[in-house]
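K.L.:
Pasting a structure below so you can have a look.
Readers should treat all values here as calculations from the given coordinates under stated rules, not as data from a laboratory. From a predicted model like this one, the values you see are computed outputs, not experimental measurements. Ideal geometry is used to build each Cβ from the backbone, glycine not excepted, and the neighbour counts take in all protein chains shown.
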Amino acid sequence: MSQANVRSALFVPASRPERIPKALASGADCVIVDLEDAVEESAKEQARDHLEAFLSENPDARVLVRVNAPGHWAHDADLRLCMRHAGVKAILLPKAETEAQIRQAHGTGKPIWPIIESARGLVALPQIAAADGVERLSFGSLDLGLDLNLKTDSEAANQVLGQARYAVILHSRAAGLAAPLDGVYPAIQDVSGLHKHVQYARDMGFGGALCIHPSQISIIHRALQPSEAELNWAQRVVAQAQSGAGVFTLDGQMVDAPVILRARALLELAGQQP
């Protein structure tokens, strides 16, 4: 399975095909063309036709597609579209709740990125994460909060969502998946809030986040970067490790193999040669 580093995944509505090239040029690590929540029910078929036309006219473009959820009347047709086009590099599967749903979506031959955004999805996480074809998980905090009847932004809700994020991280790691993506931050103008939230997700072990506006991309990327202090520490750890010492002391702390691996990972995240 692919372990490619994905920091940002930008949604763009399939109903607005003129925005797809702009999204691809936005600097996001990947673009998700959305057939689900961003498209009104009455526009589903037209949106799918727009995406079909775009992929046919731009065979070199590479996008992900969020299909409509299993059980929705448009789901099967969405999957057939994804199967037809090499430009669809993965499928974002909303409301993922069973291994059977993953198996059906993977029948397209595409990697699957399940979105965990319901109580059923949380309960089925071990089976979903271990299912054939799953490349990475993503977390849908907004829909999960609605499903669990959480009070938005309350301390209690944040505690529950924190436990759910932990489960996504745990089962991603246990299944050997790529680092999962956190859910969207809906307050587009709240730069400091987004930065703080992404750092929180980063510190929990998430690799990046889904986003809904191009202005959020650079903020997400900055929030995921190690601090200057962390990079300085990592550089010194790796430099001393290259002297051949397997275990040593730095700044009064013991450094062994796991710590050296952590230092190398920080340097790689910052685009530096470890």
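K.L.:
Could you check the simple spin-label distance between residue 123 and residue 98, using points 7 Å along Cα→Cβ, in nm with one decimal?
P.N.:
In this crude label model, residue 123 to residue 98 measures out at 1.3 nm.
K.L.:
Rounded to the nearest 500, what is the 222 nm mean residue ellipticity of the chain from helices alone, with -39500 (n - 2.57) per DSSP H run of 4+ residues and division by all residues?
P.N.:
After summing the helix terms and dividing by the residues of the chain, the value is -13500 deg cm²/dmol.
K.L.:
Please list, ordered by chain and number, the residues whose modelled amide H lies under 5 Å from the amide H of residue 66; skip anything fewer than 5 residues away on the same chain.
P.N.:
33, 34, 35, 92
K.L.:
Going 7 Å from the Cα of residue 228 toward and past its Cβ, which residues in segment 248-274 have a backbone nitrogen under 17 Å from where you end up?
P.N.:
270
K.L.:
If you don't mind, there's one more thing I want to ask. Expressed as a whole number of Å, what is the distance separating the alpha-carbon centroids of segment 72-122 and segment 131-168?
P.N.:
That distance is 19 Å.
K.L.:
Taking the chain as the reference, fit the longest principal axis to its C-alpha atoms, fit the long axis of helix 257-269 to the helix C-alpha atoms, and give the angle between the two in degrees, 0 to 90, nearest 10.
P.N.:
Tilt relative to the chain: about 50 degrees.
K.L.:
Each residue of segment 221-231 in order: what ³J(HN,Hα) in whole Hz does its phi give by Karplus 6.51 cos²θ - 1.76 cosθ + 1.60, θ = phi - 60°, with x for Gly and Pro?
P.N.:
4, 5, 5, 7, 6, x, 6, 4, 5, 5, 5
K.L.:
Could you run the Karplus curve 6.51 cos²θ - 1.76 cosθ + 1.60 with θ = phi - 60° over segment 22-32 and give me ³J(HN,Hα) per residue in whole Hz, x for Gly and Pro?
P.N.:
Karplus values, whole Hz, x for Gly and Pro: 5, 5, 5, 9, 7, x, 5, 5, 8, 10, 10.
K.L.:
Related question: Taking θ as phi - 60°, what are the ³J(HN,Hα) couplings along segment 44-59 by the Karplus curve (6.51, -1.76, 1.60), each to the nearest whole Hz, with x for Gly and Pro?
P.N.:
Working through the residues one at a time gives 4, 5, 5, 5, 5, 4, 4, 5, 4, 5, 4, 5, 5, 7, 10, x Hz.
K.L.:
Using amide H atoms built 1.01 Å from N in the peptide plane, name the residues 5+ places from residue 8, or on other chains, whose amide H lies under 5 Å from its own.
P.N.:
When sequence neighbours closer than 5 places are left aside, the close amide H contacts are 29, 30, 209.
K.L.:
If Lys and Arg each add +1 and Asp and Glu each add -1, what is the summed charge of the other residues whose beta carbon sits under 13 Å from the beta carbon of residue 27?
P.N.:
Overall, the nearby charge balance is +2.
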